[in-house]
Amino acid sequence: MKKLFSGRILALIMMMCVVCSNFITASSLPEEDAADGSIEVKVVDFAEKTQLDLYKVASLNEKSQYDLFDEYKDSGADLSDLNVASKSQLAAEKLTEYAVKLEPEKSALVDSDGLAVFNEVEASNILYLICQKNNEEIISISPMLVLLPYYDDNEEMHKTAAIDAKYTDNRKESKGAIILNKTDDKNSPLADAVFKFEKKVYSTDTVSNSDNKDQYVWETVSEALVTDKNGQLVAEQLPLGEYRFTETKAPKGYILDSTPYDVVVKSEATIRVENNKYVPDGGTPVIITVVNNPVPVESSIVSEPPSSVPPTPDKPVVTGEDIAKFIIIGVIVAVSLVAVILLFVLGRKKKDDDDTE
């Protein structure tokens, strides 16, 4: 009986040790295992409500090589050199063929600003695939690979990635239009302003995107669009997308405004001429106004007309030296007067004395 009791006590002690051990292990999980990363994908605003899915496809080992997870080992994806855009794109496409059959880690919809955001993403050397499971009628977004965390050129670690996605606009039949009005600060039209016109074109993504380098380029559509006598210029038959105007030459007498003016062509539109001016014809063309300020006129100095009142002569300035001279002269004059008076008195007295004798 005593042995049985001792065995039960020993079993109870061992059970408590196991419970305590599990508690200690669970309490000491490293903070870096927390899902504190995030990925933001920039597409375009007309892709609103398009769904993107996030998948874990591989891990980065101590040798800086990628180990595919079991679900993707037969995909044939080559992850040996993902810093080359073409190889990264090819690997992403092969992995997508397998990923679309699986449940994603997370899903996100593109919002009205053209952004899809994945929050609370594990950042522990995981390679993620982001893809569009079903091609939409509006847009086809190319799959992309993202490593979290990643290191920038300064070897600084980042758990948040921002990517500009490559996409194909499936609405090529839709053409938009832009009317630019050039005026002065008093709303008068200005002719002969010259603008450079460019389109924003997105490039292929790479596995890591530290600072969005080379994610898009501005492609020149026209080097010199010139405003007419009504201060207008137009751009028509434009594929939907993002554009910008940059003034390269201001009208004579006005200050150059080299600020780029960004515009987004979102819908189909046409333009017609009415009363010698460009006006919307159909749809909703983009209309912008760009103002130039006149070059400041240098003010000239105007001489005042001569006054009819004669000028007041300047008052003499009396110095201490002048005062001393005045005093000396005064003393000399006074002494001279006294001397004359004395001589006169003495002379008179002498005459009287002579007369008495």
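Taking the conditions exactly as written (within 16 Å of Lys182 (Cβ to Cβ), exposed (fewer than 15 other Cβ atoms within 10 Å of the Cβ) and hydroxyl-bearing (Ser, Thr, Tyr)), does Thr248 satisfy them or not? Talk me through it step by step, then tell me what you get.
Details: within 16 Å of Lys182 (Cβ to Cβ): yes; exposed (fewer than 15 other Cβ atoms within 10 Å of the Cβ): yes; hydroxyl-bearing (Ser, Thr, Tyr): yes.
So Thr248 fits the description; yes.
A residue that is part of a loop (DSSP other than H, G, I, E, B) and at pLDDT 70 or above can be found somewhere in region 297-305. Taken together, Lys106, Lys73, Lys133, Lys49 contain a single residue that is without any contact (Cβ under 8 Å) to a residue 24 or more places away in the chain, in the same structural domain as Leu148 (by TED's automatic domain parsing) and of a type in the set (D, E, K, R), which is Lys73. Contact map, region 78-94: residues that are loosely packed, with under 15 Cβ neighbours inside 10 Å paired with residues that are in a helix (DSSP H, G or I) and among the polar types (S, T, N, Q), Cβ distance under 9 Å, separation 6+ or inter-chain. Pairs shown: Asp81/Ser88. Taking the listed residues Glu274, Glu268, the one that is acidic (Asp, Glu) and within 16 Å of Lys229 (Cα to Cα) is Glu274, with no other qualifying.
Is there a residue being out of contact with any His (no Cβ under 8 Å at 6 or more places or on another chain), of a type in the set (Val, Ile, Thr) and modelled with pLDDT under 95 anywhere in region 173-191? No, region 173-191 contains no residue that is out of contact with any His (no Cβ under 8 Å at 6 or more places or on another chain), of a type in the set (Val, Ile, Thr) and modelled with pLDDT under 95. If you filter region 105-157 down to residues that are in contact with a Gly (Cβ under 7 Å, 6 or more places away or on another chain) and part of a strand (DSSP E or B), you find that the one that is surrounded by the fewest Cβ atoms within 10 Å (Cβ to Cβ) is Val121.
Taking Lys101, is it touching a strand residue (DSSP E or B) at 6+ places or on another chain (Cβ under 9 Å), among the basic types (Lys, Arg) and part of a loop (DSSP other than H, G, I, E, B)? It is false that Lys101 is touching a strand residue (DSSP E or B) at 6+ places or on another chain (Cβ under 9 Å), among the basic types (Lys, Arg) and part of a loop (DSSP other than H, G, I, E, B).
The values are calculated or read from the model by the stated rules, or taken from the named source; none is laboratory data. Note that the structure is predicted; figures quoted are calculated from it, not measured. So basically every Cβ, Gly included, is an ideal-geometry build from the backbone, and we count neighbours across all protein chains shown.
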